[in-house]
Amino acid sequence: MRKHILAVLLALATPSAAEPPPRARAAKAESAGTARALPELSLYQLKTDFTDQDGQAVRLEDFRGQPVLLSMFYGTCPLACPLLFARLKRIAAGMTPEARARVRIVLVSLDPARDTPEAMTRLVRTHGVDPERWRLLRTDEAGVRDVAAVLGIRYRTVPGGGMNHESVITLLDAEGVIDTRLAGPDAPLEGLQERLTALTSPR
Amino acid sequence: MSRGHFKTGALVAGLLGLTGTAARAEPPPRGMVKVGPGTLRPVYVPSPEEQRVPVAAFWMDRVPVTNAEFLAFVRQAPTWRRGAVPRLFADAGYLRHWAGPLRPGPDAAPDAPVVGVSWFAARAYCEARGARLPTEAEWEFAASASRTEVDARDTEAFREQLLRWYSRPTPRVLPPVGRTEANVWGVKDLHGLIWEWVLDFGNTLVSEDSREGSPAGTSRFCGAGALSSGEKGDYASFMRLAFRGSLQAAYTTGNLGFRCARDLAGGAP
């Protein structure tokens, strides 16, 4: 009986398969009015306003034109975030200098109240990374939800003020479309490295 | 905890003038009723400190958002019309059962709940109304109530009633909202009609051991795993948790809709 209920529930709960729909061309033209339309799945469709570690106003779209490694962090994180930095450094170390120069590493704070531009600058210094290529961004609570939603990162504040969050590194292509998603601290880096090489190779 | 306790609590707060005007009766926003304050016993307890989750009083839509209401929204907001929304914000199933971008048609009666909407779309709708989506804790707190009890989840009859619904397939054409019995707060259709988006869907699943990125998914709710958690026998709550854990923000399904919520104007009493 219970099994039966479960089966029915699972059937109910399965999200609709993504079938290619007959897209309405006319409606699409509306958003394609600007110079070069963004792909529909581009994260640069997000119009969230950010401030970077230098206190400058930024939008994700400002990174258009180059591959981006995108993740989320919070500065007071005791364990997961240092690991995230270490992992991103390893990825960067695996690239040729030319490729490295083309890739931006963008980290969005899950904790905008504490991750001020000053705190983010300190974090960049602490980790000894190149502030030109490593961009730390903060936004408001709604913006955090948006970024986490498009990256598929679940997070929550826990009693005591800390946060639990999934550690996911996402590689975006030059147009902001997700190319590769690396979930978890143990996921092998090779696939991502290969894609980075491909995306940074001169055409 | 009975409803009487809450009433008494509000009365005492009012007499003491604890929060000034906020404690006094605030007229409900249109279509909304006041829920809480109270305490949620979460079905899944991510940490020992979270056996009880306080829920501040909030306004909640009495019924889910209907097709007619969503139509009025997309008339005002062309970017949320079917065909205009980038895939990033809504998958291919977005309002697919509507006859046209501005025509719900025969499969989507005006007074039936809107379904086939993504989290992004649901959130945009609520924001356009000056509201927001309810949090998972708020939604679950409201949904714990029966007609007579604030937390009826230990009541066998309530549980069985929910499971009867969960074991029925969703009808192809959904019935109108508001046909189910109002719970103790005056909220309807939390069970028995559709699944609903919440603001932080699936986030309670992220616990200490999943923060490094191991899938915070539904595997831990399979079989015996579920029974090791806080509220044994509350299968319906587990189902919702597992369902939300499987969602992504752009997903749409034919039985997933939403309702809006709001903070009390004077803040939480």
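No value in this document is a laboratory result; all are computed from the given coordinates. Computed from a prediction, not measured in an experiment: that's the story for all the values here. Here Cβ is always computed from backbone atoms with ideal geometry, including for glycine, and neighbour counts include all displayed protein chains.
Below is a table of values for the structure above.
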{"item": "Amide proton proximity set for A:F73, modelled H, under 5 Å, gap of 5+", "result": "A:V108, A:S109, A:L110"}
{"item": "Neighbour-count ranking [beta-carbon atoms within 10 angstrom, fewest first] of B:T252, B:T135, A:T116", "result": "A:T116, B:T135, B:T252"}
{"item": "FRET efficiency, A:A142 to B:E156 (Cβ-Cβ, R0 51 Å, nearest 0.05)", "result": "0.80"}
{"item": "Under 5 Å, built H, 5+ apart or other chain: amide partners of B:A145", "result": "B:A152"}
{"item": "Per-residue HN-Hα couplings for region B:193-205 [Karplus 6.51, -1.76, 1.60; θ = phi - 60°; Hz; x = Gly/Pro]", "result": "10, 9, 8, 10, 5, 10, 4, 10, 3, x, 6, 5, 6"}
{"item": "For region A:49-104, radius of gyration divided by Kirkwood radius, i.e. Rg to Rh on alpha-carbons", "result": "1.00"}
{"item": "Alpha carbon convex hull of region B:123-162, projected area averaged over orientations, nm²", "result": "3.6"}
{"item": "Fewest-first sequence of B:S47, B:S237 by Cβ atoms within 10 Å of each Cβ", "result": "B:S47, B:S237"}
{"item": "Tail beyond 20 Å, pair distance distribution of region B:67-181 (Cα, percent)", "result": "53"}
{"item": "Residue-span extension gain [A:A187 to A:R59] - 0.36 nm each, minus C-alpha spacing", "result": "43.2 nm"}
{"item": "Inter-label distance for A:T76 and A:A37, nm, one decimal - labels placed 7 Å from Cα along Cα-to-Cβ", "result": "4.6"}
{"item": "Difference of contour (0.36 nm per residue) and Cα-Cα distance, B:R30 to B:R103", "result": "23.8 nm"}
{"item": "Amide hydrogen neighbours beyond the local backbone of A:T180, cut-off 5 Å, H modeled", "result": "A:L171"}
{"item": "Proxy reagent accessibility, fewest Cβ within 10 Å first, across A:M120, B:M32", "result": "B:M32, A:M120"}
